[in-house]
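Encoded as structure tokens, the structure appears first; notes follow it.
The values are calculated or read from the model by the stated rules, or taken from the named source; none is laboratory data. Being a predicted model, the structure only gives us computed values, none of them experimental. Every residue, glycine among them, receives a Cβ derived from its backbone with ideal geometry; neighbour counts consider all protein chains shown.
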Amino acid sequence: MKRFIQGEHRGQSTLLPESLDDYVSDTNPVRVVDVFVDELDLATLGFDGVIPAETGRPAYHPAILLKIYIYGYLNRIQSSRRLEREAQR
């Protein structure tokens, strides 16, 4: 069984706002990146061989990391520290 960090379900209701999807506008390019990566067959691209270690903190799923990298390329973010800050806002 693969052990990856599971993200929050964006459609799930929370206190404020009602769901995480409410933070992102319908015309935001991140929606295109999200759909694009979800439609990719990551196994044929070589992401299937990723086996997380049994010890330590669980890894992030490769699809989530690919979405973040594509977002960085689209916004000309070269620094991994700046990309981390962008992912947290």
Could you please give the count of residues in region 37-66 that are within 22 Å of Tyr23 (Cα to Cα) and exposed (fewer than 13 other Cβ atoms within 10 Å of the Cβ)? 1
Checked against (1) surrounded by 11 or more Cβ atoms within 10 Å (Cβ to Cβ); (2) among the small types (Gly, Ala, Ser); (3) more than 21 Å from Gln6 (Cβ to Cβ), Ala87 satisfies every condition except (3)
Within region 47-70, residues outside any loop (DSSP other than H, G, I, E, B) and touching a residue at least 24 places away in the same chain (Cβ under 8 Å) come out as Ala59, Tyr60, Ala63, Ile64, Leu66, Lys67, Ile70
Would you please name the residue that is modelled with the highest pLDDT, looking only at residues in region 38-51 that are closer than 16 Å to Ile5 by Cβ and not aromatic (Phe, Trp, Tyr)? Ile51
I'd like the full set of residues that are modelled with pLDDT of 90 or more and over 14 Å from Tyr71 (Cβ atoms), limited to region 1-37. Thr27
When region 52-75 is checked residue by residue, the ones that are modelled with pLDDT of 85 or more and among the aromatic types (Phe, Trp, Tyr) are Tyr69, Tyr71, Tyr73
Can you find a residue in region 67-82 that is closer than 20 Å to Gly7 by Cα, surrounded by 14 or more Cβ atoms within 10 Å (Cβ to Cβ) and of a type in the set (A, V, I, L, M)? yes
